[in-house]
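Written below as structure tokens is the structure these notes are about.
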Amino acid sequence: MPDRNPKALRAAIAQHAPQLLRDFDAHWKRYVADAYDVSTVPAFMARWWGEYAIARDPELDAHVTDLEHRAAYECTEAAEAQALLEEASNIRHLAARTEPGR
């Protein structure tokens, strides 16, 4: 993981998960750059830190995507869908806590 700042995170995304770059830049422009409000930066970083932590690992990214897809399109029981979404959520929360350098 890069240093925990927007510039370093953007560079890491550009290099290791370029599929996220367009959305990252659009989100930055809409909610941070054009807002002129630095109070939005922590929430922005929290979201994209976790997104990048998952996207940089193709197997983990595919697993989370599969869990969410199965919950949305394949489950016939609410409890089963909930369990799949909870697993995906747990992975996202763990990814968001990944420290720089890991």
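The values are calculated or read from the model by the stated rules, or taken from the named source; none is laboratory data. In this text the structure is predicted, and so the values were computed from the model without any measurement. Note that each Cβ is placed from the backbone with ideal geometry, even for glycine, and that neighbours are counted across all protein chains shown.
Looking across segment 47-102, just one residue is among the aromatic types (Phe, Trp, Tyr) and farther than 29 Å from PRO6 by Cα, and that is TYR73.
Enumerate the pairs (first residue in segment 78-96 and outside the structural domain of ASP3 (by TED's automatic domain parsing) and at pLDDT 95 or above; second residue anywhere and surrounded by 13 or more Cβ atoms within 10 Å (Cβ to Cβ) and not in a helix (DSSP H, G or I)) with beta-carbon separation below 8 Å, excluding pairs fewer than 6 apart on the same chain, so at least 6 apart or on different chains. The qualifying pairs are ALA81/CYS75; LEU84/CYS75.
Taking the criterion of being modelled with pLDDT of 95 or more, assigned to a helix (DSSP H, G or I), out of contact with any helix residue (DSSP H, G or I) (no Cβ under 8 Å at 6 or more places or on another chain) and within 21 Å of ALA55 (Cα to Cα), would at least one residue in segment 34-42 satisfy it? So far as segment 34-42 goes, no, none of its residues is modelled with pLDDT of 95 or more, assigned to a helix (DSSP H, G or I), out of contact with any helix residue (DSSP H, G or I) (no Cβ under 8 Å at 6 or more places or on another chain) and within 21 Å of ALA55 (Cα to Cα). Residues being in a helix (DSSP H, G or I), exposed (fewer than 14 other Cβ atoms within 10 Å of the Cβ) and either at positive phi or among the basic types (Lys, Arg) (or both) are entirely absent from segment 60-76. Yes or no: ALA81 in a helix (DSSP H, G or I) and small (Gly, Ala, Ser)? When the stated conditions are applied, ALA81 passes them.
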